[in-house]
Structure formats: structure tokens, C-alpha cells
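**Student:** Below is the structure I would like to discuss, written out as C-alpha cells.
The values are calculated or read from the model by the stated rules, or taken from the named source; none is laboratory data. Predicted model, so just to flag it, every value in this text is computed and none were measured. For neighbour counting, all protein chains shown are included, and Cβ atoms are generated from backbone atoms with ideal geometry for every residue, glycine included.
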Amino acid sequence: MLCFSVAVSESDSIMYYTEAGTDWWTYNNNTFVPIFADGLSNSSSISESFNQSAHDTCGGNSECLYDVFATGSLEVGATSKQTGEENEQQNAIICMYSILLFNIQQHKPL
């Protein structure tokens, strides 16, 4: 499997573990298999009604759809969508203030 070919081995690790009873093996789960979005939404175990509910809840928001299909919870997906929208609003405000501050600095009298 490709993901294990790029993993850091115990002998190559530069990590130093200070907590008693911990070592490289404590933090490396070689049985972990990531879940990719295309594998979730194309799963035959998802009912058509749940699939429709997911799309009704999320619209085209890919983070929301991923979370719905990964967790089986429309609520988790809706929360992801809401958080993402709030983050976008905050980012827009930050960008607006950074432009405003830049313009103030550029027009500062000597």
C-alpha cells in the first residue's frame, strides 16, 4: 500500500517521547486506512433517501457531504457547513481590515 511506503519507520523517526510508557508505536497506527470522499458517496450501502437528504442538507458543500457520509449524521454535516460559512465570513472581514490598514499606511502624511 502506498501510504505505508512513505511512512516514517521507527528507526528513522527523530521524535523524542518524554511521557512515560510512550514510544513510536504509541502514535503509529499501521492499520489505519483513510476514507476518501469518492469512496463514501459511491458506496452501495447508502440509501437513495439518505443520499438525497445529504444533498438537501449540504447543497454543493463538499466538506458537509464528506462529513455526512463519513459519520452517517446529517447534523454533523450541517455543523461543518455552518462552521465553514462562518469561517468564510470572518476571512472576508479580516481581508477587508487588512486592505483598510494597508491603505491607511500608504496615505500616511510625512
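**Student:** Exactly one of (1) over 19 Å from the mean Cα position of the chain (by Cα); (2) surrounded by 10 or more Cβ atoms within 10 Å (Cβ to Cβ); (3) modelled with pLDDT under 90 is unmet by Thr18. Its number?
**Tutor:** All conditions are met except number (2).
**Student:** Give all pairs with beta carbons closer than 8 Å in which a residue from the range 45-59 that is loosely packed, with under 15 Cβ neighbours inside 10 Å meets a residue that is β-branched (Val, Ile, Thr) and part of a helix (DSSP H, G or I); count only pairs at least 6 apart in sequence or on separate chains.
**Tutor:** Every condition considered, no pair remains.
**Student:** Here's another thing I want to ask about it. Within the range 6-15, take every residue that is exposed (fewer than 10 other Cβ atoms within 10 Å of the Cβ) and within 30 Å of Ala70 (Cα to Cα) and give me the one that is farthest from the chain's Cα centre (by Cα).
**Tutor:** Here the answer is Ser9.
**Student:** Of all residues in the range 21-52, how many are in contact with a helix residue (DSSP H, G or I) (Cβ under 6 Å, 6 or more places away or on another chain) and either more than 27 Å from Asn87 (Cβ to Cβ) or part of a helix (DSSP H, G or I) (or both)?
**Tutor:** Kept after step one, since they are in contact with a helix residue (DSSP H, G or I) (Cβ under 6 Å, 6 or more places away or on another chain), are these residues of the range 21-52: 35, 37, 40-41.
Restricting the remaining residues to those that are either more than 27 Å from Asn87 (Cβ to Cβ) or part of a helix (DSSP H, G or I) (or both) gives 37, 40-41.
Qualifying residue count, the range 21-52: 3.
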